[in-house]
Every structure is written in structure tokens, then in C-alpha cells.
């Protein structure tokens, strides 16, 4: 690496090397900012127009027709992009080349992904697992102009709200519920990410290379990255930003202030959208500064002037990113400070199989594996003489170091969720693989008869196109199929799914009846109710507040998950209605006014929608029932009680949660203070 550190010049025949001295920036600041804004706008418009057309396809599932349409249409766009690479960048006006690239990239992602979801309102993953709380967050912020926790009332948000807050405004613009806007919003962001990736790479390499790097990044992300659409942008953009950071830190002349500020904007963006990427980006930039400093001192530069120079380069990045981060993090930091303690956080208590071993995408027997392997070879061979290779090698090395640190963190009974960086590794090595193959093609062209140069170029384009189509079809036909199936089988809040299924055995079938019962019994808007429920999906579709989050790993640390669980168990120990009411009133947490509990007798589902006698009788009769229930409270067995399923942290075991049931004696709700209704498998109890 010594060759690229002491000197600002880059030597050696490489397509990624720049013709200018001491400048890795090919686009002026004004052009770069203009393209970022205009390109993102074009991508958003193209994606939404195509989504409107896709919504009219109307193919019923199950069918391979959507897969065929997605594969063929996106492959045709790949053909157009490769034709643009071969011929379009020579004589066409600059504005036409650039805008054509924006349209093609956004159309590619939208068609490849959107056509598979053409007859469902859900995004990949449906409303299951992590998508449940993602839609809950969108639903919450679509009903709150300010920042708010996805679940807990009167608690500052912990999970970064930047992406979801914009999603709430997007939902308001469409006039849709937050959960319904999640799919088009996610598809829109995937398109925007591809276009912005192209612009960022255009800052540091030539346009053709930028297009190939953006395309490789997008294809790599379709396999692993787009399932977290709020995390995908910061993952896709990190590689070109790392190149900019490496250049800015090692530059000998005056500090590139605007470049440093733009790097700070990226770090701040990561802070308000995905905390893990923020932490990793900070570590990466500090490591880059340390590496550059060590090599400079080794080359004879004085220590303290070197440290001072690097510190002054890091300072603007830190200041800009901090100002952006505070837009989202300030309420949480203030509330944490007011508590004068560090709340318990289980968010990082997760170690799946893929996080227990080093990721080696370069060993996979597919097109992505070949591309990543070529990228590894190129990074190792070119890092001494090529600024881009050096920066990307530091990035890849930092990812593996993060894995080591995550494993060491097990000693402290936590992790660093290193597996979440796999998508960054794939995208980085894929982009490096593009540079490697182009350099190999150039090497071959220089050493063969000039008469065969055209054939070499034609073969290279054909092989590249085949590889791109292969990666695209692998993602469409294999990688995304499980998540796609969930999008079609999970239930809507209307009680059916995209396939028209209405199975009473599925709890989702009863969602609309539950909502109707809660609305009728409370007489309040959804955001005015606090639910204690065993079905956390109910809060994905309506902006109810939840007394408890689904798992401690999703829960806001300020919500005090364990203490709330203890409070629920204390309520379940009540023997009389008066005792339960006293416990609710004395709770230090805002108590629920709606209980959605599992009915002990599943045959009660036949009585769904009928109001219980407690809601129909007068106060005197209800008091008599309450007294009788209190006398009989100790006679109920567990099989006759209303249940609520809670989860506890069992890390480092796999799975990392343990389920346990909390039982409520039905007698404690026999009071005029409560009104009940049975809906399917649920008993809904509302405090008057």
C-alpha cells in the first residue's frame, strides 16, 4: 500500500485511475449535487409511474407469469444498458446519456421487483417477522407529524426514524394508511438508491465504470439488501463514499472542505436511517485515518503534525454528521439523560448461523461469486498503486474486523450484528469485480492483434450481459421467492390475503372484526387507545399504542420491556376486579385501556362479534357478577383462563427468544368498569 500513500499521483494502466493530479473527484460540486437531487426525483417519478402500470397487470397467484414478466422485462433493460455502454456514451449529448441511465436503472429495479408483487399490497416478507414492526413504524409516523416510538406512548423513538418519517409523509401524500404505502415507498427507494449509487460512483470514476459499478451493486443488493429497504441506501452508497473519504484524508494539499462535508452528510444519513451502518462508517473512516497516519509516519513525516492534519480532516465529517444525527436522535438522548441511567438494550442480542462464520461470497458457485472473486484478486493486486482499490480493500478488511469484534463481544453477552454487513461486502466486491474484469479486458486488448480488438469487446459485452442476467434471474426466481410467498399469503387488515383466502383458523382472518370491536367498545380513534395484545400485527395496520412490544429485541430500551413484562405478570395475579383496577391505576406505566386476549375455549370463535352480557346489563347486575367472579376466581384452572403470550430474551441460544404464557382469570374482568366482546379466538376487554 505504500505506493498510494506518500504520493498523490496514481500510476499504472487502470481504467479506474484518474487523469488529474491529486483529485479523485470527477464531478464538480454543483454538478454532483444537481445530479443527486434531479436523479433521485427522476427515479421516484419513473418508479411510481411503472408501479401504477404494474398494479393493473392483475395476474392471480400462484403463477409463474409474474416471474416471467419480471425476468424478461428487466433483462431487456439490461440489454439496453449494455448497448448504452457499448455505443451510447460516444456521440450522444451528456444530458441524454445521464438521464437515460437514470430512467433505465430505476425502471430495471421497479420492474424486476414490482412485477413479482403485482397483485399484493405487501412488500417482500408480507407482514411477518421484521416487516411487522416496519409497517408499525410507517403506520405510526403516517399518523404523527412529529417523531414517535413505533409502539410505546410518551417514549422518544430509539430506532432511527428518518426513512420512516419520510414514509409517513409519502403515505399522507397518497392519502393511504402507513402500512399500505410501505410497498410502493420501498420500491421507490430501491430505484432511487440505484440512481444515487450511479451518481456517487460518477464522482470518482468515469461514467461507464460508474454505470457498471452501480449495476453490479444493485444486482448484489437484490439478493440480500432490498429486504431492508431503509438500510439498503446506506449499504449501497458506502463503497463510493469510502473512496472519497480515502482520497480526502490522504490528500497533501488544502483540505477538500466540500468533499469532507459531503462525507459527513452520508454518515449523518446513516445515523438517521440505520444505526449499525452509522457505527461501522464511523469506524471505517477513523481506521482509514489511522492507516494513512501510520504509513506517513513510517515514511518520515513528523507524528504530531500528521495527527493534527488528519484530525482536522475528520472534524468537519464529525460536525456535519452530528448535526444531521441530532435531527432524529436528540429526543432519545434527552430522555435518556433525564433518566440518569443507561436503559437495558437487547437489540444486539441476535446471532444467526450466517453471523457465526465469516462471509465468503467469492466462493459461491454463481455469477455473483465469480464477480466477487475477481474483485478480491483485483483489490490485492492493485491496492499499492490504485487509490480506489486501496480504499475498497480497507473497507473489506474493516468488515472482517467487525466480524472479529462481534465475536469477541460475545464475552460481554452481546454482538455487533456483523451479518448485517454482508450486503455491504457483496456490493463492494461486486463493484471491485467490475473494475477487475475491465482491467483484464484492457490488458488482453493491448496484447493481441488490433484486428481482434472488436471481437474481444463483443465477447466481453456478451459475457458481462449473461452474467448480469444470471444474477438478476437468480434473485427473482430463487432468492426472493420465500419473501414473495409471504407477501401473498399474509393477511390484510380486511381479514383476507392477496389470494383471497379467508381461513377462520388464521388469526389474521379476524383482524377486521377486532378493529371494529375495539372502535365500537372504546368510541375512540385508534391512536387514543393503548392495547395489551397477544397479536402484535394488529398494531401494524392501525396506529394503536402497545403496552408491550413483540420481543425485547424490537423494543425501545426506554420502554423498559422487562419491567413491563413483570407488570403484566403482576396484573395476572389479581384475584378480584377491584384488585386489578387498583394495580392498573397504580402502575408507573400508562396502563392499557384495551385487552385483546386469547379466549380459552376456541369454540368461542363461533360467537364472534356478539357483545358479552357484561356490556348489556346495568351496573347492579355487573357488580353482582363481579362479586361472584371474585368468589370463584380461585376455582378456574389454567385451561379456563384468558392468555397472553409474552417473549423473553434467551440470547445466545438460537432462537434468541423464549415464549411463555401469562394467564388472566376471566373473573377479574367481571366489573362494570369493563365491557367485553368475543371475536374469533380473542376476547376483547375494554376499560370504560
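Quickly rank 130-137, 513-520 as a protection proxy: mean count of other C-beta atoms within 10 Å, highest first.
The packing order, highest mean first, is 130-137, 513-520.
Using Cα pairs closer than 8 Å and at least 6 residues apart in sequence, work out the relative contact order for the stretch 2-485, in percent.
On the way: 682 pairs, mean separation 102.0, N = 484.
The normalised contact order for the stretch 2-485 reaches 21 percent.
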Between 0 and 90 degrees, rounded to the nearest ten: what's the tilt of helix 178-204 against the longest Cα principal axis of the chain?
20
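Based on the mean of other beta carbon atoms within 10 Å per residue, what is the order of 475-483, 105-113, most packed first?
Working: 475-483: 17.7, 105-113: 27.2.
Per-residue Cβ counts within 10 Å, averaged per peptide and sorted highest first, yield 105-113, 475-483.
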Taking 56 Å as R0, compute the FRET efficiency from the Cβ-Cβ separation of residue 94 and residue 528 and round it to 0.05.
0.50
Scoring the stretch 267-419 by relative contact order with C-alpha pairs under 8 Å, at least six apart, yields a percentage of 21
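What order, most packed first, do the peptides 220-229, 255-264, 421-430 have when packing is the mean number of other Cβ atoms within 10 Å of each residue?
Numbers: 220-229: 23.9, 255-264: 19.8, 421-430: 26.6.
In decreasing order of mean packing, 220-229, 255-264, 421-430 become 421-430, 220-229, 255-264.
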Specify the inter-centroid distance of the stretch 388-441 and the stretch 650-688, based on alpha-carbon positions, in whole Å.
45
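Full extension from residue 154 to residue 573: what is 0.36 nm times the residue separation minus their Cα-Cα distance, to one decimal in nm? If you can, show how the numbers build up before the last one.
Numbers: separation 419, 0.36 × 419 = 150.84 nm, distance 2.67 nm.
Result for the pair: 148.2 nm of gain on full extension.
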From the helices alone, meaning DSSP H stretches of at least four residues, give me the mean residue ellipticity at 222 nm for the chain, per-run term -39500 (n - 2.57), in deg cm²/dmol to the nearest 500.
-18500 deg cm²/dmol
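Once R0 is set to 30 Å, what does the formula 1/(1 + (r/R0)^6) return for the Cβ-Cβ distance between residue 37 and residue 80, expressed as a FRET efficiency to the nearest 0.05?
Working: r = 25 Å, r/R0 = 0.82.
E(calc), rounded to 0.05, equals 0.75.
Just so you know, all these numbers are worked out from the coordinates, no wet-lab data involved. Owing to the predicted nature of the structure, the values given are computational and were not obtained by experimental measurement. Here the Cβ is made from the backbone with ideal geometry for all residues, glycine too, and neighbour counts use every protein chain on show.
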